[in-house]
Amino acid sequence: MPLDYPESFRELTRELRRLPGVGPRGAERIALWMFRSPHASPRALSRAVETACAQLKTCKLCGFFTHEEFCFLCSEEDRSGKELCVVEMITDILPLERTGAFRGRYHALGGKLSPLTGIGPEQLRVSELIDRIAAETPSEIILALGSDIEGEATAHYLAELISSTKVKVTRLAQGLPAGGGIEYADQRTLQRALLHRNLFGTP
Ligand SMILES: [Zn+2]
C-alpha cells in the first residue's frame, strides 16, 4: 500500500495548492478543515465557485466584474468620460470608488509589467487602453498604480506610450499615510513625501 492519502483527497489538495499563497501544508490544512470544521460548507463553496465561473464576465470597457456586457460603473450615464483612471487589478476599482472622490471612468490592466514572470504589455489590457483613449478622448489619464518597482515601471511605460496622444497623464500622490507620524514612515515613503510635496497655505 502506498503511504499516501486517498486519490480524491490528493486531487483536492493539488487544486488548493494552485491558489495564490497556498503551499503543500496549507492545502492539507484547508482540505482537512473542509471536512472537519462545523463552520465549513464544502458543497456551498463548490456551488459558489461553479456559479461564479459560469456567470462572471469582465466588462468589455473597464475589465470590472459583470454579468452583462458592460459593468454597472460603465453603464452609469452621468459618469464623466473626461477622466480615465488606470488601475492594475479589477479589485483596485472599488476601493477608489468608495472614496467618493472620483466620478470618472476606470480601466483595469489585469496586472503590471513583470519581465521576470513573463508579463509584458501583450499580457495586459494595454492595447484596449489605447483604443479607449482614441475612442473616448479623455482629457486626463490618472495612473493609480502601485508604488513598487513593477508598478513604477508600468506607470513609466504607460506615460511614455500615452505621451504621443497628447492627453494629460497624472499619477496618484505618494507620501505619508493619513493619520501617521513622521517617525513611523520608512525612508522611501519620506523621500516620496518630500519629492511630491504640495503647496500649502498662502504664499
Ligand atoms: Zn466597466
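Every read-out reported here was derived from the displayed coordinates using simple, explicitly stated rules and does not represent laboratory data. For clarity, every value in this text was computed on a predicted model and none was experimentally measured. Heads up, the Cβs are rebuilt from the backbone with ideal geometry, glycines too, and the neighbour counts pull from every protein chain shown.
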_Label-to-label distance, nm, for residues given as residue 29 and residue 134 (7 Å Cα→Cβ offset)_ = 5.0 nm
_Above 18 Å lies some portion of the pair distances; for the range 7-55, what is it as a whole percent of all C-alpha pairs?_
35 percent
*Averaging over all projection directions, find the projected area of the Cα convex hull of the range 12-159 and quote it in nm² with one decimal place.*
11.3 nm²
*Okay, which of the range 1-29 sit inside 18 Å, backbone N to the point 7 Å along the Cα-Cβ direction of residue 37?*
12-29
_Taking just the alpha carbons, could you work out the radius of gyration and Dmax for the range 1-90, both in angstroms?_
19.5, 67
*Arrange 128, 11 by Cβ neighbour counts within 10 Å, fewest through most, would you?*
11, 128
*Rounded to the nearest 0.05, what FRET efficiency is calculated for residue 5 and residue 44 with R0 set to 30 Å and r the Cβ-Cβ distance?*
0.80
*Which percent of Cα pairs goes in each bin when the distances of the range 101-190 are cut into 5 angstrom slices starting at zero?*
2, 12, 21, 21, 17, 12, 9, 5, 1, 0
*Based solely on its DSSP helices, what 222 nm [θ] is calculated for the chain when runs of n ≥ 4 H residues each add -39,500 (n - 2.57) and the sum is averaged over all residues, nearest 500 deg cm²/dmol?*
-12000 deg cm²/dmol
